[in-house]
Amino acid sequence: MLTLDTIREAPKALLHDHLDGGLRPRTVIDLASEFGYDGLPTTDPDDLAAWFTRGADRKSLELYLETFQHTVGVLQDRDAIVRVAAECAEDLAADGVVYAEVRYAPELSTERGLSLDEVVEANLEGFRIGMERAAAAGTPIVMKVLVTAMRQAARSVEVAECAVRWRDAGVVGFDVAGPEKGYPPTRYLDAFEYIRRENFHITIHAGESFGLPSIWEALQFAGGERLGHGVRIVDDITVRPDGSVELGRLAAFVRDRRVPLEMCPTSNVHTGAAASIEKHPFDLLRRLRYRVTVNTDNRLMSNVSLSGEFAALDAAFGIGLGEMEWLTINAMKSAFAAFDERLRVINEVVKPGYAHLRARESRVVVG
């Protein structure tokens, strides 16, 4: 098994992480005090962290999402968003993440008068500050923004237009999130068509709490390039008693087209999409060589880091450094950054980083 220190040192890439799901507990408390939010269940950082995890781990996506009322509640002012985004970049960099696409729905921060554009600008400014701090600390990171529209709202076109306006400043794609059931991707076709006309990128939460129809619509109607979670693709895969495997039409399409799966193992257990890490579809899908990536989803709610997710997968499935590198390169190949930037991170950061770790792990000291 890999040590946690080795996993932290290994360069990692993150494609599925929510800004409002990754706040530091202390920061939530500070911002609540500073900006007059009085809805927190406790003002003790340790108790608050435990409260978020207990609230999220209820085996239901809808119940999981209820915990966000408090983090969104303290993200209604520009300075709060800047601080949270800067700390997000610092925290990820300290965990060995070298490239991250972090998503946020700007419409969630407009209760006190901020516009969609002001929210995105604050997010980008925070990432700029955080990247500078991380570089100064010797842990450089590339941070990008995914702009999300909420399924249960009616602002998807407006949010899509906002995402495109900031595409040259660090926004790299458009996402739709929120409850899947009752809110299929086909409800937002105008937004997706606009994004495609602008030659921009689309990732869609699909196949988490809802099944194959959600995945099919996300790909065939909405034009999704990546699937947020996508775990329910296993419903189209049959494993026979003799160990042979048969892929259904959709499962074969996803694998053949190399559609990236933004898998978030611990979060999937908390929402009930998987029974446990050991029974997570990650194992079958990686053995079938789907374009699997490993992600955190919501670091605060699920009490996880990307290193922690890799450690859990290594403990369950023995992935080792070789497969960690494969999963990281999967993520970088699937990233929405420009091709030359992706190639730079792969060739100058990821591959040398893993080569160094493998050499160190295999070194024999002769006494």
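The numbers here are math on the coordinates, done by the rules we state, and not lab data. Bear in mind that the values here come from a model prediction, so they are computed numbers and not experimental data. With ideal geometry, Cβ positions are generated from the backbone for all residues, glycine too; neighbour counts draw on all protein chains shown.
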Prolate/oblate/rounded call for segment 1-138, Cα gyration tensor, a/c under 1.5 rounded: oblate
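Going by average Cβ neighbours within 10 Å, how do the peptides 262-274, 62-74 rank, with the highest at the top? Don't jump to the answer; show the numbers that get you there.
Details: 262-274: 25.7, 62-74: 18.8.
Ranking the peptides 262-274, 62-74 by packing returns 262-274, 62-74.
Grab the other residues whose beta carbon is less than 11 angstrom from that of residue 146, score K and R as +1, D and E as -1, and report the net. Could the numbers behind the result be given before it?
Numbers: positive: 103, 144, 226; negative: 17, 101, 175, 262.
With Lys, Arg at +1 and Asp, Glu at -1, the neighbours total -1.
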Pairwise label distance in nanometres, residue 288 with residue 79, each label 7 Å out on the Cα-Cβ vector: 5.2
Distance violations [Cα-Cα > 19 Å] among 12/279; 59/181; 12/351: 12/279
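Could you tell me which of rounded, prolate or oblate describes the chain, using a ≥ b ≥ c as the square roots of the eigenvalues of the alpha-carbon gyration tensor, with rounded for a/c under 1.5 and, failing that, prolate when a/b is larger than b/c and oblate otherwise? It would help to have the intermediate numbers written out before the result.
On the way: a/c = 1.39, a/b = 1.13, b/c = 1.23.
Rounded, since a/c falls under 1.5.
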Highest to lowest packing among 88-99, 26-37, scored as the average C-beta count within 10 Å: 88-99, 26-37
Phi-based couplings in Hz for segment 180-192 (Karplus 6.51, -1.76, 1.60; Gly and Pro marked x): 6, 5, x, 10, x, x, 5, 6, 10, 4, 4, 5, 5
Simple spin-label estimate for residue 326 and residue 190 in nanometres, 7 Å along Cα-Cβ: 4.5
Positive minus negative residues near residue 74 (Lys, Arg vs Asp, Glu; Cβ under 13 Å): -3
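Quick one: net charge around residue 164, please, counting Lys, Arg +1 and Asp, Glu -1 for every other residue with C-beta under 14 Å from its C-beta. Kindly include the intermediate steps, with their values, before the conclusion.
Values: positive: 165, 167, 196, 197; negative: 117, 158, 161, 168, 175, 190, 193, 198.
Here the charged neighbours net out to -4.
Report relative contact order for the chain in percent, whole number only (criteria: Cα-Cα under 8 Å, sequence separation at least 6). It would help to have the intermediate numbers written out before the result.
Working: 686 pairs, mean separation 74.4, N = 367.
Result for the chain is 20 percent.
Reported to two decimal places, what Rg/Rh ratio describes segment 39-90 when computed on Cα atoms with Rh from the Kirkwood expression?
We get a ratio of 1.01 for segment 39-90.
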Label zone at residue 133 (point 7 Å along Cα-to-Cβ), backbone N below 12 Å, segment 85-100: 85-94
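Mind ordering 223-229, 53-59 by average Cβ neighbours within 10 Å, highest first? Walk me through the intermediate numbers first.
Working: 223-229: 24.1, 53-59: 17.0.
Averaged packing, sorted descending, gives the order 223-229, 53-59.
Could you pull out the trypsin sites (Lys or Arg not before Pro) across segment 102-142 that fall in loop regions by DSSP (anything but H, G, I, E, B) with no more than 16 other Cβ atoms inside 10 Å? Intermediate results must be reported in sequence, preceding the final value.
Values: sites: 103, 112, 128, 133; in loops: 112.
Those satisfying the criteria are 112.
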